[in-house]
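The values are calculated or read from the model by the stated rules, or taken from the named source; none is laboratory data. Keep in mind it's a predicted model, so treat the numbers as computed, not measured. All Cβ positions, even for glycine, are placed from backbone atoms using ideal geometry, and neighbour counts span all protein chains on display.
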Amino acid sequence: MPGIVSYGAYIPIYRLSREAIGAMWTKSLARGEKAVANADEDSLTMGVEAVLDCLNGMDRQEVDGLYFATDSPPYVEKQSASIIRAATDLREDILTMDIAHSLRGASSAMKAALDAVQAGSARKVMVAAAERRIPAPNSDFEASFGDGAAAFLIGDSDVAVDIEGSYHLSSEFIDVWKKPEDSYMQTWEDRFIRDEGYLKILPQAVSGLLKKHQLSPKDIGKAAFYAPDARTHATMARAMGLDAKTQVQDPMFDSVGNTGTALAAMTLVAALEEAKAGDRILYATYGDGADAFLLRVTEQIEKVRDRRGIKGHLASKLMLPGYGKYMEMRGLMEGEAGRRPARRSSLPVIWRERQHLFALYGQKCRSCQNIQYPRQRICIYCQAKDNFELIRLSDRRGKVFTFSMDQRAMEIVLPKVFTVVDLDEGGRFYSVMTDRDTSKVEVGMPVEMTFRIQLEGSGLYNYFWRVRPIRC
Amino acid sequence: MESLKDKVAIVGMGCTPFGEFWDKDPVDLIVDAAYEAFEDAGVEAKDIQAAWVGYTSPDTAMTGIILSSALQLQYIPVTRVENACGTGAETIRGAALGLASKTYDLVLALGWDKLKDAGFGGIGQAFPGKWHPVYGAAPEVGGAVARYALAATKYFSEYGLSPDEGKRLLAKISVKSHYNGSRNPKAWLRNQLTIEQVLNAPMIAWPLGLFDCCGVNDGASAAIMCRTEDAKAFRSQGDYITLKGAGIACGPGWGKERVNYGFTTWEETEAAARQVYEMAGVKNPRKELSLAEVHDCFSIAELIAVESLGICEKGQAKEDIESGAWEQGGEIPVNISGGLKAFGHPAGASGGREVYEFYKQFQGKAEDPSRQLKDVKLGLTHNQGGHPGNFVCGVTIVGEPPSK
């Protein structure tokens, strides 16, 4: 039976306490904190993180598709999935697509992947969802929205979670919307949205699913489903006849926040981290209707445990010092005009160097075996000409050889930590260290690669690999 | 291969004060430096047969015309050179080659820069992303401070200095340079500093603070040169200097990306020094040199440069700095002028300004008698562009003409 072969997740390292948001607007907010993408992260880079987590131990060559769901893509026109595919070094001859415009994107992608596998048109399909929405300052959304990502590899061999069935419901109900010209999401009175939307549509899909499989709510081991906030989540669980204590997977509103399209998917990953063979899991998403899936965990789950997933990423965090840095990271306020020359980019260069920029291929000299980055014509060690093989460096780790911390760089999170890294298996890589606590940066510290926005220039996001202290 | 030693003489020099000249444009700086040199040599602009001009300021057309139009040179060859912050050394070397080949008899080498019209401190990006929009664009690989700071971090770690010890050591270099500069009328920053002031200054790029850094500014320097056999037509023996050697080393780069690059030695400096020591016949620079003007764009740059020049054993700078070996009255005065630290750094002008310091010291014209060195015979100037792992370095040795 086709199903989930592997899973992965990502939560950015920064958290903003609701207390800090409340302090900004002099109001008291609910407890907890939310995950905030670093200034060099967006839904695309978080998607890369989740996909790489999910690919741990998997054969990248067998992935025949990548579907990426988000409502906060970096580009409105220009696919994100193709860049995620390139960064994660999946094959070029596969189907990539973005699924947007609905909070239900993650499950739509899963259904499409499932259908492709069942139809035999793909062996394995990667499904990823990521969200980095920018809520209006001082809105209810601001306190609740968090950033994060999840990914599932769908296939029909080595399946860790059988997908026994699904039920889909489409609805023209309008709850939250955003027009292209809108800066922020809009919504209606919360009581209407809750009573007519959340409490009816998703439970209706779940009940349709259970009926189809002749099951009742008590047959569900764990339910991972979407809700906009903790209170509504609890009310929806009751409406579906689920016991909050034993049957409901915590959707992490107090620690991550509402990650939109990625929320139910991340909650499912959290459930899978705890699941045992034989467990029956309900996975349901909401938005313009609802999708509900009936899942059954297999013995194979034990073989896909070694992931950072939700648990690993949740435990690894840095608190933002206050609202100001968050405001700067999300560009909520216009800053002082720069006097330095504007940054520029060049599409021909990005295209020419794509293998080296996106999947971080360096070269190994066939004459002297030395690994080097960026690419050369003449070996920088032995001066042999054009005698290299390509070698992927994005999954390598290294140790800091030296570093500096620039307080005046054109960067939101200062200081900008320029880092020279000697890779454990040879080669040296020079880049910027991100997601770091500057008091802990030192020569010799181990680091790993992470795909980030290196700069914005000429109207483009220029993605590249930075390094970070080993996350977890 | 013949040595340049003593083939070429410098018979006139000019140097503007360096500073933030809101009321001067590039033409003002060029004219002021050139005319000081013309008057010093007793020549006129029309006597100049060829010129070399070096600068990095990007806002003008990148040609030699800036020099010919400023000085109204009439249809003579002008070669524009650039080696980033090491441009000055290359103007003098180019001029020397023109003379040694006997293509010309009297030439002008002039370096200038006007960096304070940019609206920000530090070296601007001439062409953002001209080489690589993601990997190589200047802000992504770090500004000059961040890149030199990589070397400071590594030097501390390599030689077992704690960050506090390392910063204190570097602070002594800046204190010395400001003390030297405070007595030099043409220097820009003439205030003296204490070690505590240096240590407490705002951080620019850890571990380098504000007073570990030189500022960029405006200025020009110029030299009138001829072949040594013609020098007496301009000045008496003992009043002009000859070129003992001029070395330039362009590194293969990629130090930040090459595992065998250590960050604590400037290989380009070592190579340029080898070239020039061989030309000049210098065996023991520490003993033979009367002074060294080294490229101290940052405190760590002076430290590593002095070691790389072979003036101090590697890893031994601490002993030298603590014993005062590089101070006036020490074994070898380093940056007796005040260096880039006290002068500021109009990139194209600094190399010539270093030679100007030797020229004046040699002539006994150091202005403030308290900074006049005695028995000045041989001087080394060190001028480099780029950043650790990616340098072009010029080392020039000038000295007393041969006695005959």
| Single condition B:Ile224 does not satisfy, out of (1) part of a loop (DSSP other than H, G, I, E, B); (2) under 18 Å from B:Tyr359 (Cβ atoms); (3) modelled with pLDDT of 95 or more | (1)
| message | Return the pair list, or none, for Cβ contacts closer than 8 Å from residues in the stretch B:106-127 that are of a type in the set (Val, Ile, Thr) to residues that are at pLDDT below 85 and part of a loop (DSSP other than H, G, I, E, B), at least 6 apart or on different chains. | response | B:Ile123/B:Gly143
| task | Kindly indicate which of A:Thr261, A:Thr246 is more than 13 Å from A:Ala160 (Cα to Cα), among the polar types (S, T, N, Q) and under 17 Å from the mean Cα position of the chain (by Cα). | result | A:Thr261
| message | Just the residues that are of a type outside the set (S, T, N, Q), touching a residue at least 24 places away in the same chain (Cβ under 8 Å) and assigned to a helix (DSSP H, G or I), please, taken from the stretch A:196-209. | response | A:Gly197, A:Tyr198, A:Ile201, A:Leu202, A:Pro203, A:Ala205, A:Val206, A:Gly208, A:Leu209
| query | Which of the residues belonging to the stretch B:256-294 are closer than 16 Å to B:Gly86 by Cβ, within 14 Å of another protein chain (Cβ to nearest Cβ) and of a type in the set (Gly, Ala, Ser)? | reply | none
| message | With the requirement that a residue be in a loop (DSSP other than H, G, I, E, B) and more than 14 Å from chain A (Cβ to nearest Cβ), what does the stretch B:227-255 give you? | response | B:Phe234, B:Arg235, B:Ser236, B:Gln237, B:Gly238, B:Asp239, B:Tyr240
| remark: Filtering the stretch A:335-392 down to residues that are at pLDDT 95 or above and acidic (Asp, Glu) yields A:Asp386, A:Glu389
| Quick check: is even one residue across the stretch A:71-81 at pLDDT 95 or above, of a type in the set (S, T, N, Q), closer than 30 Å to A:Thr26 by Cα and surrounded by fewer than 24 Cβ atoms within 10 Å (Cβ to Cβ)? | yes
| query | What do you reckon, is B:Lys314 in the same structural domain as B:Leu199 (by TED's automatic domain parsing), of a type outside the set (S, T, N, Q), within 25 Å of B:Glu158 (Cα to Cα) and surrounded by fewer than 17 Cβ atoms within 10 Å (Cβ to Cβ)? | reply | yes
| Which members of the stretch A:20-35 meet the condition of being at pLDDT 95 or above and either of a type in the set (Gly, Ala, Ser) or buried (at least 19 other Cβ atoms within 10 Å of the Cβ) (or both)? | A:Ala20, A:Ile21, A:Gly22, A:Ala23, A:Gly32, A:Glu33, A:Lys34, A:Ala35
| field | Unique match (being surrounded by fewer than 22 Cβ atoms within 10 Å (Cβ to Cβ), in contact (Cβ under 8 Å) with a residue 40 or more places away in the chain and aliphatic (A, V, I, L, M)) among B:Ala50, B:Ala37 | value | B:Ala50
| query | Does A:Arg280 satisfy the condition of being more than 30 Å from A:Arg85 (Cβ to Cβ), surrounded by 15 or more Cβ atoms within 10 Å (Cβ to Cβ) and within 14 Å of chain B (Cβ to nearest Cβ)? | reply | no
| Within the stretch B:142-170, considering residues that are within 27 Å of the chain's Cα centre (by Cα), more than 10 Å from chain A (Cβ to nearest Cβ) and charged (D, E, K, R), the one nearest to B:Gly209 (Cα to Cα) | B:Lys167
| Can you pull out the residues in the stretch A:445-472 that are at the interface with chain B (Cβ under 8 Å from one of its Cβ atoms) and not in a strand (DSSP E or B)? | A:Ser458
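Would you confirm, using the coordinates I've provided, whether A:Phe429 is buried (at least 24 other Cβ atoms within 10 Å of the Cβ), more than 24 Å from the chain's Cα centre (by Cα), under 24 Å from A:Met46 (Cβ atoms) and not basic (Lys, Arg)? It would help to see each step written out before you state the result.
Numbers: buried (at least 24 other Cβ atoms within 10 Å of the Cβ): yes; more than 24 Å from the chain's Cα centre (by Cα): yes; under 24 Å from A:Met46 (Cβ atoms): yes; not basic (Lys, Arg): yes.
Considered against the rule, which asks whether it is buried (at least 24 other Cβ atoms within 10 Å of the Cβ), more than 24 Å from the chain's Cα centre (by Cα), under 24 Å from A:Met46 (Cβ atoms) and not basic (Lys, Arg), A:Phe429 comes out as yes.
Which one of B:Val259, B:Val282 is without any contact (Cβ under 8 Å) to a residue 24 or more places away in the chain and among the hydrophobic types (A, V, I, L, M, F, W, C)? Show your work before the answer.
Numbers: B:Val282 fails: without any contact (Cβ under 8 Å) to a residue 24 or more places away in the chain.
So the residue among B:Val259, B:Val282 that is without any contact (Cβ under 8 Å) to a residue 24 or more places away in the chain and among the hydrophobic types (A, V, I, L, M, F, W, C) is B:Val259.
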| field | Of all residues making up the stretch A:411-434, the number that are within 7 Å of chain B (Cβ to nearest Cβ), touching a helix residue (DSSP H, G or I) at 6+ places or on another chain (Cβ under 6 Å) and either of a type in the set (Lys, Arg) or over 19 Å from B:Glu257 (Cα atoms) (or both) | value | 1
| said: Can you tell me which of (1) surrounded by 23 or more Cβ atoms within 10 Å (Cβ to Cβ); (2) at the interface with chain B (Cβ under 9 Å from one of its Cβ atoms) is the one A:Thr438 doesn't meet? | reply: (1)
| query | Restricting the first residue to the stretch A:342-355 and requiring it to be assigned by TED's automatic domain parsing to the domain that holds A:Tyr461, which pairs with a second residue that is charged (D, E, K, R) meet a Cβ separation below 6 Å and a spacing of at least six or different chains? | reply | none
| task | Just give me the residues in the stretch A:123-140 being crowded, with 22+ Cβ neighbours inside 10 Å and among the hydrophobic types (A, V, I, L, M, F, W, C), in sequence order. | result | A:Val125, A:Met126, A:Val127, A:Ala128, A:Ala129, A:Ala130
